[in-house]
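The values are calculated or read from the model by the stated rules, or taken from the named source; none is laboratory data. Keep in mind that this is a model prediction, so the values were computed, not measured. Here the Cβ positions follow ideal geometry from the backbone for every residue, glycine too, while neighbour counts run over all protein chains shown. Calculation scope for accessible area: heavy atoms of the full protein, side chains included, ligands and nucleic acids excluded. Shrake-Rupley method; radii C 1.70, N 1.55, O 1.52, S 1.80 Å.
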Amino acid sequence: AQSVAQPEDQVNVAEGNPLTVKCTYSVSGNPYLFWYVQYPNRGLQFLLKYITGDNLVKGSYGFEAEFNKSQTSFHLKKPSALVSDSALYFCAVRDIAGGSYIPTFGRGTSLIVHP
Amino acid sequence: GAGVSQSPRYKVAKRGQDVALRCDPISGHVSLFWYQQALGQGPEFLTYFQNEAQLDKSGLPSDRFFAERPEGSVSTLKIQRTQQEDSAVYLCASSHYRGQETQYFGPGTRLLVL
């Protein structure tokens, strides 16, 4: 079975400060991990993914995420937040061992960047 | 080329009415997914197609929900005898098969059942 948790419903950060949006996962095998962003009345947009290789993944719009196998985490980070980063962020996981192509999404974290 | 498109963007239905939601995936994408997103929640899996074959429909909440992709491109999600609890945003996503894990999402159809 696969599951993902986003422990924070909302994250508030001042513009220019670093931001972190947390994600932890549970799989029986090895994970594929994803971050998506959703703006109001829009579908989800892909930010970045971890499949294999370097634990630090760089994605769109200056975002990055670090895969930590021992802590089963995949936190999303950005060194300097912008007001335009304010949106809903979703973490997703797929268990490679499961044999399914279906990812499980977290409940989402609302990021609010204050001017 | 164009991204994933969905129509209609908004649908208001009376309880008991049948509705049909359309998804046009990215050209050439083999895999197609339907999700249901309730307010304040993440997308919940409904069904998955590989070309025209429906390989997984384990997420469909009842036999009132039916999906098809007869020619392996456009897909339709049909909900019969709609209920108020069907009110949600229905998202469609497509991806390459075995070539790319990334799913590309459409803007969604917001369904409101009165």
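Compute, for chain B, the length of the dipole vector about the Cα centre, with Cβ point charges of +1 (Lys, Arg) and -1 (Asp, Glu) only. Units Debye, rounded to 20.
380
How big a patch of accessible area, both sides summed and in Å² to the nearest 100, lies buried between B and A at a 1.4 Å probe?
1700
For A:Thr72 and A:Lys58 in one chain, what is 0.36 nm times their gap in residues minus the Cα-Cα distance, to one decimal in nm?
3.2 nm
What share of the DSSP beta bridges in the protein assembly as shown is antiparallel, in percent to the nearest 5?
Taking every DSSP beta bridge with both residues in the protein assembly as shown, the antiparallel ones total about 90 percent.
Quantify how strongly other chains surround peptide A:34-47 by giving the mean number of their Cβ atoms within 10 Å of each of its Cβ atoms.
5
If you take every DSSP beta bridge fully contained in chain A, what fraction is antiparallel? Give it as a percent rounded to 5.
The antiparallel proportion sits near 85 percent.
Around B:Asp86, under 14 Å between beta carbons, what's the net of Lys plus Arg minus Asp minus Glu among the other residues?
Once all neighbours under 14 Å are counted, the net charge is +3.
HN-Hα J couplings of the range B:106-114 from phi, Karplus 6.51/-1.76/1.60, θ = phi - 60°, integer Hz, Gly and Pro as x?
Per-residue couplings from phi come out as x, x, x, 10, 8, 9, 10, 9, 9 Hz.
Taking K and R as +1 and D and E as -1, what net charge do the other residues with C-beta under 9 Å from the C-beta of B:Leu114 add up to?
So the environment of B:Leu114 carries a net charge of +2.
From the phi of every residue in the range A:67-82, what ³J(HN,Hα) in whole Hz does the Karplus formula 6.51 cos²θ - 1.76 cosθ + 1.60 yield, where θ is phi - 60° and glycine or proline is x?
These are the phi-based 3J(HN,Hα) values: 7, 10, 5, 5, 9, 6, 10, 8, 6, 8, 9, 8, x, 9, 6, 10 Hz.
May I ask which of A:Lys77/B:Lys11; A:Lys49/B:Lys78; B:Lys11/B:Lys57; A:Lys22/B:Lys78; A:Lys49/A:Lys77; B:Lys57/B:Lys78 have a Cα-Cα span longer than 25 Å here?
A:Lys77/B:Lys11; A:Lys49/B:Lys78; A:Lys22/B:Lys78
Cut-off 10 angstrom, C-alpha nodes, Gaussian network model of chain A. Which of A:Lys77, A:Lys69, A:Lys22 fluctuates the most?
Comparing A:Lys77, A:Lys69, A:Lys22 in the GNM, the peak value goes to A:Lys69.
What does the charge dipole of the range A:46-115 about its Cα centre add up to, to the nearest 20 debye, if the Cβ of each Lys and Arg holds +1 and the Cβ of each Asp and Glu holds -1?
Computed about the Cα centre, the dipole is about 60 debye.
What whole number of Å gives the distance from the Cα centroid of the range B:47-76 to the Cα centroid of the range B:1-28?
14
Which one, A:Leu56, A:Leu76, A:Leu88, has the greatest fluctuation when you compute a Gaussian network model over chain A with C-alpha springs under 10 angstrom?
A:Leu56
Just to confirm a number: summing +1 for Lys and Arg and -1 for Asp and Glu over residues other than A:Asp9 whose beta-carbon lies under 13 angstrom from that of A:Asp9, what do you get?
Result for the neighbourhood of A:Asp9: +1.
Under the Karplus relation 6.51 cos²θ - 1.76 cosθ + 1.60, θ = phi - 60°, what is the ordered set of whole-Hz ³J(HN,Hα) values for the range B:17-27, x standing for Gly and Pro?
Calculated HN-Hα couplings, in order: 7, 8, 10, 10, 10, 10, 10, 10, x, 5, 4 Hz.
First obtain the Kirkwood hydrodynamic radius of the protein assembly as shown from its Cα pairs, then insert it into the Stokes-Einstein equation at 4 °C and 1.567 mPa s, and state the resulting D in µm² per second as a whole number.
It diffuses with D of about 71 µm²/s by this estimate.
Restricting to Cα pairs below 8 Å that are 6+ residues apart, what does the relative contact order work out to for chain B? Please round to a whole percent.
Here the relative contact order equals 37 percent.
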